[in-house]
Amino acid sequence: MATQQPSHRVFTVIKREGQDDYWLAIGAAFPHQSGDGFNVILQALPLPDGDGLCKLVLRPPKDDKDDDERTRQAVRQANDRRHGRTR
């Protein structure tokens with residue numbers, strides 16, 4: 001049985017003051033065989049914004065290599081801030 005590829009990636013949008021919003025990939029969406037719905041698989045849960053809302057965005061996949069590098073950079077920056085380091 002072949003593994004089905006996701007038709008969309010799932011992102012949560014993180015608002016950042018004075019910077020562009022950051023789109024964090026947190027899962028994938030797979031179309032139903034009937035074509036009238038999706039299974040959404042999340043690998044993380046979004047945090048609510050200041051209004052208590054959690055925004056999920058589904059986008060068609062693109063080059064994962066670029067997304068993976070952006071994710072690694074964001075994790076490094078968050079860890080540096082948490083530990084009081086700057087790059």
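The values are calculated or read from the model by the stated rules, or taken from the named source; none is laboratory data. Note that the coordinates shown come from a computational prediction; the quantities given were computed from them, not determined experimentally. Methodologically, a virtual Cβ is constructed for each residue, glycine included, from the backbone with ideal geometry; neighbour enumeration extends over all protein chains shown.
Of note:
- For the range 1-42, the set of residues classified as surrounded by 15 or more Cβ atoms within 10 Å (Cβ to Cβ) and not in a strand (DSSP E or B) consists of P6 only.
- Of all residues in the range 43-87, those that are modelled with pLDDT of 85 or more, assigned to a loop (DSSP other than H, G, I, E, B) and under 17 Å from the mean Cα position of the chain (by Cα) total 12.
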